[in-house]
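For reference, the structure is listed below as structure tokens.
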Amino acid sequence: MNAETGEVLYSKNPNRTMPIASITKLMTAMVVLDAQLPMDENITISDADVDTLRHTSSRLAVGTTLPRRDVMLLALMASENRAAAALARTYPGGTPAAIAAMNRKARELGMTHTQFLDGTGLHSQNSASPTDLVRLVKGARAYPEIQQYSTTAEHVVYARGRALHYRNTNALVKNENWNIEVSKTGFINEAGKCLVMQARIKSQPVVIVLMDSAGRYTRIGDANRVKQWLETALETNSEPIDSNL
């Protein structure tokens, strides 16, 4: 979709509700920023942040203390689940209040086929339609912190005397051929490989939503193909195809 005009350039299953995995973390960050919590305030990872649903690993050991800005950066850039859980837990009123705020924010953005049950995306019932995710990405684009953190290629945090090196889960952010303004990947078995972005393609702001990609690199390949297709269409002034196959 063209983010400025709202023109749908291509669509397939745009209104099918499906699990969204870690794309959830964009909304977690939005409600934390809306609450205007101090970004330099230290947050300590607790036992409550450990993933007991899927038992995913994390290098953020219980007891690790980092400023909220670093916690948000790791949640958005590296899709760190304990970081996202800690952001929700330290929201005013705790995790239940954060989840309620996320669902309210979804309604405010016009996301009518969306629900959130946690702040990480590990819960398979965190779900939305691709059309709703376009609204989420456009909403996230309004936050300078989300723009910066979600497109940071690499970052090092120092925790408990150790340097922890993190890389963006979307390799395209360090590709000089891309101008990406917002990015988030996602994966759980129920959702498949997912990728949402807002990027400038031939100076046009375009939101790309790719859900349930089959292979490890499919979402990246599809994003590159979409970009090439749009560039060709814009260069030749031909009309992109809106398909609801």
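The values are calculated or read from the model by the stated rules, or taken from the named source; none is laboratory data. Keep in mind the model is a prediction, meaning the values are calculated, not measured. Here the Cβ is made from the backbone with ideal geometry for all residues, glycine too, and neighbour counts use every protein chain on show.
For this structure, a couple of remarks:
- Unique residue being more than 27 Å from Thr5 (Cβ to Cβ) and among the hydrophobic types (A, V, I, L, M, F, W, C) when the list is Ala171, Ala199: Ala171
- For the range 24-77, a residue qualifies if it is more than 22 Å from Thr151 (Cα to Cα) and among the basic types (Lys, Arg), and exactly one does: Arg54.
- The listed residues are Ile201, Ile188, Ile208, and the only one of them that is crowded, with 19+ Cβ neighbours inside 10 Å, under 30 Å from Met39 (Cα atoms) and free of Cβ contacts under 8 Å to residues at least 40 places away in the same chain turns out to be Ile208.
- Inclusion of Ala61 among residues that are crowded, with 22+ Cβ neighbours inside 10 Å, over 22 Å from Thr152 (Cα atoms), at pLDDT 95 or above and not acidic (Asp, Glu) is not warranted.
- Tabulated pairs, the range 31-43, first under 17 Å from Arg104 (Cα atoms), second among the acidic types (Asp, Glu), C-beta under 8 angstrom, 6+ apart or interchain: Leu33/Glu145
- Within the range 43-61, none of the residues are over 16 Å from Cys194 (Cα atoms), touching a Pro at 6+ places or on another chain (Cβ under 9 Å), assigned to a loop (DSSP other than H, G, I, E, B) and of a type in the set (A, V, I, L, M).
- The set of residues in the range 18-43 being in contact with a strand residue (DSSP E or B) (Cβ under 9 Å, 6 or more places away or on another chain) and surrounded by 14 or more Cβ atoms within 10 Å (Cβ to Cβ) consists of Met18, Pro19, Ile20, Ala21, Ser22, Ile23, Thr24, Lys25, Leu26, Met39, Ile43.
- Positions within the range 76-132 being basic (Lys, Arg) and either surrounded by fewer than 24 Cβ atoms within 10 Å (Cβ to Cβ) or closer than 30 Å to Val8 by Cα (or both), in sequence order: Arg89, Arg104, Lys105, Arg107
- Take the conditions (1) aromatic (Phe, Trp, Tyr); (2) over 15 Å from Ala191 (Cα atoms); (3) buried (at least 21 other Cβ atoms within 10 Å of the Cβ); Tyr143 misses just one of them, which is (3).
- From Val182, Val157, Val196, Val134, residue being modelled with pLDDT of 95 or more, outside any loop (DSSP other than H, G, I, E, B), among the aliphatic types (A, V, I, L, M) and over 16 Å from the mean Cα position of the chain (by Cα): Val157
- Counting only residues that are touching a helix residue (DSSP H, G or I) at 6+ places or on another chain (Cβ under 7 Å) and of a type in the set (Lys, Arg), the range 121-146 holds 1 of them.
- The set of residues from the range 211-222 being crowded, with 19+ Cβ neighbours inside 10 Å and either of a type in the set (Ser, Thr, Tyr) or not in a strand (DSSP E or B) (or both) comprises Ser213, Arg219, Ile220.
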